[in-house]
Structure formats: structure tokens, C-alpha cells
Amino acid sequence: MKKVECIGLFSLISVLSCKKHPVSGQAPASMADSVAIPQKTEEGLPVKKYDYEVGWMEDYEKLPKLEFIEIRESEFHKVPKDSVRTMPQIDMGDEEFAIQTWKKRHVFDLYRDYGGVRGHEGHEYLGYYPGLKLFAITSNWTGESMGFGKLVLIDSITDKEYGIVSIGDVPVELPLPSINNKYMVYYDNWMYDHKDCTICVVQIGNKANPDDYLREYRIYESHDFAIDEIRWIDDNSFVVRGYEDVYENGDWTKNSNIIKLPSNNP
């Protein structure tokens, strides 16, 4: 079996101040519900506008690229595994779920087959980032016999919605904030390739300026590995464990021995 070991380090030197917004409690139950049922195009694809969207490839391509160096796999295991996302209880029904922010109650249809023009569509609840006060959900739908989706972050204090632009057809993997929430990193493993991925870094700003709260910062595209796991070392560095699918004896085998560490200092 072919084995590949490569570890990458990513380093950031810019520092961003971030004002804290304390949680003041739950919003009054009498606030009106916000029901997420997107409109449809003529082709049956949903049209859902979010307050802000981040992750456009044309914006990332204007920025410096990440570069990686190899390190030993033992170095990866010295970095603690992050546990920044929780799963607080929400109102979950058989056909919908509700998220309560400070300002109002958001109701989302669960993903299922609605038949007719709607077909398979809906949402999935993914959890909450207590350090950032952000709920995470995905919006999923089908069109022309293909599946699509987008990751959405909902601020429990400001009620702003941040759509993370999908790199492929499906939502990107859940973002992982750095130790003190100065950056977040997310990735997408290419669906139709066996060792290709895209890694994106977003800079986290001040919620008082929502236009720049989440901003594209760095990107990396690999044709040598896909992502298995990412761990932050500190606010300026993270390590990546990757893998490649190897075709042997008539079957694909996942080979998880690729580990990288970004080396450049933007």
C-alpha cells in the first residue's frame, strides 16, 4: 500500500481586535417566527438571500495563498483536538426545528422529500459555537437530479445570517475557529476526485461592523490529498491531517497518513 506522510503548518501574523458581545438572555417568546422557506427559480432551485455571504472564490483568488511544509505525524498528535462546538437543545419536531436568537425565533423545515416542485429539500441543525455566539445549520436542496447545499451561521445576538459560499455542490465542512476566535478555517473535499481539496481561512472581525465581521483571508488548493482533520495550534497556526484514496485489488482504500503544516507568514 502506498503511504504518504506530509504535515503542513499555517502561520498568520496579523492581529485583529474583537469586541465581545455578552449574552443577555433569551428573546421574548412573543417575537414573530421567521420561517425559512426559500423561493424557487423556474428550474426549481431555491433562492435564499442571507444578510451576508462569505467565501467567494474570486475574492480568495486576489489574496496570498497558503503554503505547507511536511512535519512528522507525531507532531500532529501533540496538538490537542478542538472542541469548540456544542449541541444545545433546541425545539426539534418531526417536520421542523426552531432556533431562538435574542431578537426572534427562526423556524426551519427539516430535510425530506416534499414532493412536487419542492422535491427533496430542507435544513439540518449542526450545533452552536459558544465563543462566537453562532448557530450552524445547512440548507439543502435538489435540482435537475443533483444535490446542493450551503452552510449558514446565525448570530444569536445580532440575528445576522452569514452564508458560507459552497466550493462545490454541497456545503463546506463546519468551520473551526482558532483558539481565541481570531480566524476560522474550513475546507471542502472535492466530490469527484480522490485526493483534492480546498482549504479556506476567514478572518473574524468586530460584530459592530457586520459587513466585515467575516472576511476572506487565505486559500489553498491541493491535488495531492484530501482533508481528514484540522487542529489549531494557536491563533496563528494550524496543522492538517490528510489522506488519499488508493485503488488496490479492485477497491478504493483510504490512506490517512498525509499531514501538513502551513509554512508562510502572510
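The values are calculated or read from the model by the stated rules, or taken from the named source; none is laboratory data. Note that the structure is predicted; figures quoted are calculated from it, not measured. Cβ: placed from backbone, ideal geometry, glycine included. Neighbour counts: every protein chain shown. The area values use the complete protein model at the heavy-atom level, side chains included, leaving out ligands, DNA and RNA. Shrake-Rupley method; radii C 1.70, N 1.55, O 1.52, S 1.80 Å.
Of note:
- When you filter the GluC sites (Glu not before Pro) in segment 63-115 for DSSP loop state and at most 12 other Cβ atoms inside 10 Å of their Cβ, you are left with 95.
- Taking 17 Å as the straight-line reach from the Cα of residue 81, the aspartates and glutamates in range (excluding those fewer than 8 positions away in the same chain) are 73, 173, 228, 229, 234, 235.
- Percent carbon-and-sulfur accessible area, segment 155-266, ignoring ligands, DNA and RNA, probe 1.4 Å: 41
- Of the chymotrypsin sites (Phe, Trp or Tyr not before Pro) in segment 157-266, the ones in a loop by DSSP (not H, G, I, E or B) with at most 13 other beta carbons within 10 Å are 192.
- Accessible surface for segment 175-229, divided over its residues, is 38 Å² per residue with a 1.4 Å probe.
- Cβ-based net charge around residue 125, under 11 Å, with every Lys or Arg adding one and every Asp or Glu removing one: -3
- Checking the cross-link pairs 133/160; 65/207; 103/160; 103/207; 62/182; 182/207 against a 18 Å limit on the alpha carbon distance flags 65/207; 62/182 as lying beyond it.
- Prolate/oblate/rounded label for segment 65-201 (Cα gyration tensor, a/c 1.5): oblate
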